[in-house]
Amino acid sequence: MKNKRNAPCSCGSGKKYKKCCWLKGRDFVVTEDNKPPVKISSAIIEIARPWLEQYQQRNRVSVLIELSILAWNLSFSDQENQAEIESTIIKNTPEEIDAIGLVAIIDLIDKMKIRKTKLFSNINHIIVGHTLSFGDKGIVNLDIKSSPLGVN
């Protein structure tokens with residue numbers, strides 16, 4: 001049976017399903033500067049959370065997670081590099097996305113970068129790979145592979 005989003009989570013946490021296991025991912029734990037451990041996959045989901053709560057269709061969740069990962073990595077780039085990447089995004093955007101849609105995407109990436117910096121400024125790992133899948137109950141499974149900045 002599929003969990004309803006507003007029902008209590010089946011894991012027994014006492015939280016609503018939409019605030020608990022619906023968005024949980026799995027990956028290794030990263031620590032920096034004696035701060036509490038943080039799962040980068042959980043951080044990525046937290047960055048995207050305001051939009052994930054609005055849009056729960058799998059294809060939109062996938063896009064939001066991808067944009068959140070892009071925003072995470074862009075947060076480590078200087079302004080010149082960010083402008084270059086933004087230009088590449090604009091040049092490679094499919095024709096079916098109009099100018100208004102493109103501006104909305106870039107604005108969303110900027111908002112996600114701000115959330116990353118605000119919420120996870122102590123984590124200095126760049127995401128080098130990821131796997132996104134959906135479990136039987138619609139649970140998001142996000143596995144992240146990362147590397148500390150400055151390490152190849």
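Each other residue within a Cβ distance under 9 Å of PRO50 adds +1 if Lys or Arg and -1 if Asp or Glu, for a net charge of +2. Backbone geometry of the range 130-140 corresponds, through the Karplus equation with coefficients 6.51, -1.76 and 1.60 at θ = phi - 60°, to 3J(HN,Hα) couplings of 7, 10, 10, 9, 10, x, 4, 9, x, 5, 7 Hz, x marking Gly and Pro. Share of carbon and sulfur in the accessible area of the range 77-152 stands at 54%, probe radius 1.4 Å. Taking a point 7 Å from the Cα of GLU96 along the Cα-to-Cβ direction, the residues of the range 55-70 with backbone N closer than 20 Å to it are 55-67.
Measuring nothing but how far apart in sequence close Cα pairs (under 8 Å, 6+ apart) lie, relative to its length, the range 86-152 scores a relative contact order of 23 percent.
The values are calculated or read from the model by the stated rules, or taken from the named source; none is laboratory data. Computed from a predicted model, the values in this text were never measured in an experiment. A quick note on method: Cβ atoms are made from the backbone with ideal geometry, for glycine too, and the neighbour counts reach across all protein chains shown. The protein model used for the area step is the full one, side chains on, heavy atoms only, and it has no ligands, DNA or RNA in it. Shrake-Rupley method; radii C 1.70, N 1.55, O 1.52, S 1.80 Å.
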